[in-house]
1. Could you say which residue among 81, 14 is in a helix (DSSP H, G or I) and either among the small types (Gly, Ala, Ser) or more than 25 Å from residue 130 (Cα to Cα) (or both)?
2. Show the residue pairs meeting these rules: Cβ distance below 6 Å; 6+ apart or different chains; first residue within region 90-103 and among the charged types (D, E, K, R); second residue not in a helix (DSSP H, G or I).
3. With the condition kept exactly as written, say whether any residue in region 106-123 is in a loop (DSSP other than H, G, I, E, B) and more than 28 Å from residue 32 (Cα to Cα).
4. If you check residue 198 against the conditions, is it touching an Asp or Glu at 6+ places or on another chain (Cβ under 9 Å), at pLDDT 90 or above and surrounded by fewer than 21 Cβ atoms within 10 Å (Cβ to Cβ)?
5. List the residue pairs whose Cβ atoms are under 8 Å apart, where the first residue sits in region 206-224 and is more than 18 Å from residue 132 (Cβ to Cβ) and assigned to a loop (DSSP other than H, G, I, E, B), the second is of a type in the set (Lys, Arg) and at pLDDT 60 or above, and the two are 6 or more positions apart or on different chains.
6. Hey, among 56, 47, which residue is touching a residue at least 40 places away in the same chain (Cβ under 8 Å) and over 20 Å from residue 163 (Cβ atoms)?
7. Please find, within region 201-225, the residue that is modelled with the lowest pLDDT out of those that are within 17 Å of the chain's Cα centre (by Cα) and of a type in the set (S, T, N, Q).
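The values are calculated or read from the model by the stated rules, or taken from the named source; none is laboratory data. From a predicted model like this one, the values you see are computed outputs, not experimental measurements. Methodologically, a virtual Cβ is constructed for each residue, glycine included, from the backbone with ideal geometry; neighbour enumeration extends over all protein chains shown.
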Amino acid sequence: MKKVNAPTKITFARIGISVFLLLAIFVMYIVDEFNPFIFKANIYLTNDKINGPYLNYIMLIIFVLFLTACLTDFLDGYLARKNNLVTDLGKFLDPLADKMLINSLSIFLVFSFASINNSSKIPFFCVIIMVIRDLVVDGLRFVCAKKGKTIQANIYGKLKTVFQMVMIGLILFNGFPFSFFDISWPKYLHITDFVCYITTLTSFISGVIYVKQNIHLIVGGDTNE
């Protein structure tokens with residue numbers, strides 16, 4: 001049995017962080033559902049505690065874990081390319097780990113929790129589009145696997161992932177620093193909302209490119225070497 005190399009171990013670590021975050025979010029949901037207590041773990045950035053910008057302790061803790069996972073994403077890819085350790089297992093696990101991390105947090109940041117006061121949210125229709133895009137791409141990857149082929153993520157998919165990481169980080173920071181001047185703007189028209197729209201468009205376009213490049217798999221052709 002071949003030993004798992006260092007980049008793949010780092011990818012497994014990112015999957016572990018993603019699973020931990022999923023479990024933590026589930027526990028938070030249960031606590032919020034039964035609502036034994038309601039706390040506002042806020043860090044107010046001005047003296048105006050009603051209409052002023054603020055951060056949230058819980059979201060900042062999640063951000064630290066999220067940032068750690070994002071750094072492992074760049075680290076495992078860098079080590080794999082530098083040391084020529086790119087494997088089929090790594091090609092399969094890397095996008096899987098990214099989707100576990102990003103999609104779970106994106107869905108989490110759509111909802112409001114009584115115990116977490118955070119004004120910035122990801123518009124639900126953005127998450128729907130991005131999740132559907134990932135399902136289509138994963139379906140094509142499955143077709144490739146059936147044909148004994150593994151397709152490595154392209155530059156467009158990586159760009160989409162970077163945009164999603166920036167979007168989630170900005171939402172976890174409750175729109176900071178833009179919240180200093182756009183907190184009173186209408187719903188869906190905050191700067192964080194436009195970041196979400198750009199990210200969604202990037203995700204959609206990358207999905208279209210991926211389908212266009214691999215449509216021959218659906219009609220019975222073979223992948224290009």
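1. 81
2. Filtered contacts from region 90-103: 91/150; 91/152.
3. Checked against the condition, which is being in a loop (DSSP other than H, G, I, E, B) and more than 28 Å from residue 32 (Cα to Cα), region 106-123 yields no hits at all.
4. Taking the combined requirement at face value, the residue does not satisfy it.
5. Close Cβ pairs (under 8 Å, with a partner that is of a type in the set (Lys, Arg) and at pLDDT 60 or above) amount to 222/147; 222/149; 223/147; 223/149.
6. Numbers: 47 fails: touching a residue at least 40 places away in the same chain (Cβ under 8 Å).
Selected residue: 56, the only one of 56, 47 that is touching a residue at least 40 places away in the same chain (Cβ under 8 Å) and over 20 Å from residue 163 (Cβ atoms).
7. Filtering region 201-225 for residues that are within 17 Å of the chain's Cα centre (by Cα) and of a type in the set (S, T, N, Q), the one modelled with the lowest pLDDT comes out as 206.
One line per residue, one yes/no per condition, for (1) closer than 23 Å to residue 61 by Cβ; (2) among the hydroxyl-bearing types (Ser, Thr, Tyr); (3) surrounded by 15 or more Cβ atoms within 10 Å (Cβ to Cβ):
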residue: 139; (1), (2), (3): no, no, no
residue: 154; (1), (2), (3): no, no, no
residue: 157; (1), (2), (3): no, no, yes
residue: 161; (1), (2), (3): yes, yes, yes
residue: 165; (1), (2), (3): yes, no, yes
residue: 171; (1), (2), (3): yes, no, yes
residue: 176; (1), (2), (3): yes, no, yes
residue: 181; (1), (2), (3): no, no, no
residue: 207; (1), (2), (3): no, no, yes
